[in-house]
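Input: a single structure, listed below in C-alpha cells.
The values are calculated or read from the model by the stated rules, or taken from the named source; none is laboratory data. Keep in mind that this is a model prediction, so the values were computed, not measured. Here the Cβ is made from the backbone with ideal geometry for all residues, glycine too, and neighbour counts use every protein chain on show. We work out accessible area using only protein heavy atoms, side chains counted, and drop any ligands, DNA or RNA first. Shrake-Rupley method; radii C 1.70, N 1.55, O 1.52, S 1.80 Å.
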Amino acid sequence: METLIMVIHPDITNSIVNKRWMTELSKYPNKYEVRHLDQIYPDGNIDVLAEQKLIERYGRIVFQFPYYWFNCPPRFKQWLDEVLTYGWAYGSKSGYKMAGKKIALAISVGIDEAVYRSTAKYKYTLAELTRPFELTFEYVKADYRPLFAYYGIELNSGKEWIERSVPLYMDFLSNLS
C-alpha cells in the first residue's frame with residue numbers, strides 16, 4: 001500500500017530538512033505520493049473535494065512539516081479546517097471517511113529535544129504539545145500513530161546532521177503500521 005505524504009512548508013526553497021526528505025521520498029514513487037500543499041495551493045484556495053477524494057485512496061497518510069511557534073504551518077491548519085468537514089470526516093451520516101486510516105506527523109524541530117521535557121524550558125514533550133492533532137484525528141476515527149521528530153536543526157544544520165535524519169525518517173515510514 002502506498003503512503004501519502006502531505007508536505008506543508010511555507011518556504012520549502014530555503015528548507016534544509018524537509019526539502020531533503022522530499023528529495024529522498026521522490027526516489028520511491030511506487031511507495032510514496034508526495035504532495036506539497038503550499039505549492040499546490042499558493043493562493044490558499046484548497047480544492048476540498050479533490051483533497052477528500054485523495055485521502056480516501058490511501059490507508060497511510062503522513063503530514064510532514066516544520067514545527068514553529070508550538071504549532072503547525074498555517075496551511076495545515078487551513079487544510080484541517082476545510083477538508084475535515086461534517087458529513088465527510090465526522091457526523092452521524094458521514095461514514096467517517098478517515099476511519100481506520102493510519103495518520104502520523106513527521107516534524108522537523110529547530111530546538112534540541114532536551115528542552116521539550118517537564119523539567120526543561122518548554123515544560124512539555126513534543127508528543128504532549130501535538131496532542132490537539134492526536135485528538136483531531138481520533139475524533140474522525142483515524143488511527144493516529146506516534147509522531148516522528150527530528151530535533152536541533154537550528155544548532156546542527158550541517159550536511160552530516162541533515163543526512164543523519166534521512167534513514168531515520170525512512171525507517172519511520174517503513175514501520176508505519
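Below, the figures for the structure above:
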read-out	value
Radius 10 Å from Cβ of Leu105, net charge of other residues (Lys, Arg +1; Asp, Glu -1)	0
Per residue solvent-accessible surface (Å²) - the range 1-130, probe of 1.4 Å	50
Label assignment, mean projected area of the Cα convex hull in nm² derived from the structure, set [x] 11.3; [y] 9.6; [z] 10.2	[z]
Cβ-derived FRET efficiency at R0 41 Å, Lys53 paired with Leu155, nearest 0.05	0.50
Among Thr119, Thr85, Thr23: highest mean-square fluctuation, GNM of the chain, C-alpha pairs under 10 Å	Thr119
Set of lysines with alpha-carbon distance to Lys97 below 17 Å, sequence-local pairs under 8 removed	Lys53, Lys141
Sparse-neighbourhood loop sites, trypsin sites (Lys or Arg not before Pro) in the range 64-125 - DSSP loop, at most 11 other Cβ within 10 angstrom	Lys93, Lys121
Karplus-derived HN-Hα couplings along the range 24-37 (A = 6.51, B = -1.76, C = 1.60, θ = phi - 60°), whole Hz, x at Gly and Pro	5, 4, 5, 6, 10, x, 7, 9, 9, 9, 10, 10, 9, 4
Farthest toward positive dipole pole in the range 99-177 [+1 Lys/Arg, -1 Asp/Glu at C-beta], among Ala120, Tyr139, Leu176	Tyr139
Unit charges on C-beta of K, R, D, E only; dipole of the range 54-177, Debye	360
Alpha-carbon centroids, the range 1-63 and the range 86-113: separation in whole Å	14
Of the chymotrypsin sites (Phe, Trp or Tyr not before Pro) in the range 1-107, those whose Cβ has at most 13 other Cβ within 10 Å and which sit in DSSP loop	Trp69, Phe70
Options Tyr151, Ile55, Met6, ranked by Cα towards positive dipole end of the chain, top entry (Cβ charges)	Ile55
Highest-fluctuation residue, Ala50, Ala106, Ala127 considered, GNM on the chain with Cα pairs under 10 Å	Ala50
Residues whose placed amide H lies under 5 Å from that of Ile5, excluding near-sequence neighbours	Glu33, Val34, Arg35, Val62
Accessible area of the range 1-149 belonging to carbon and sulfur atoms, whole % at 1.4 Å probe	51
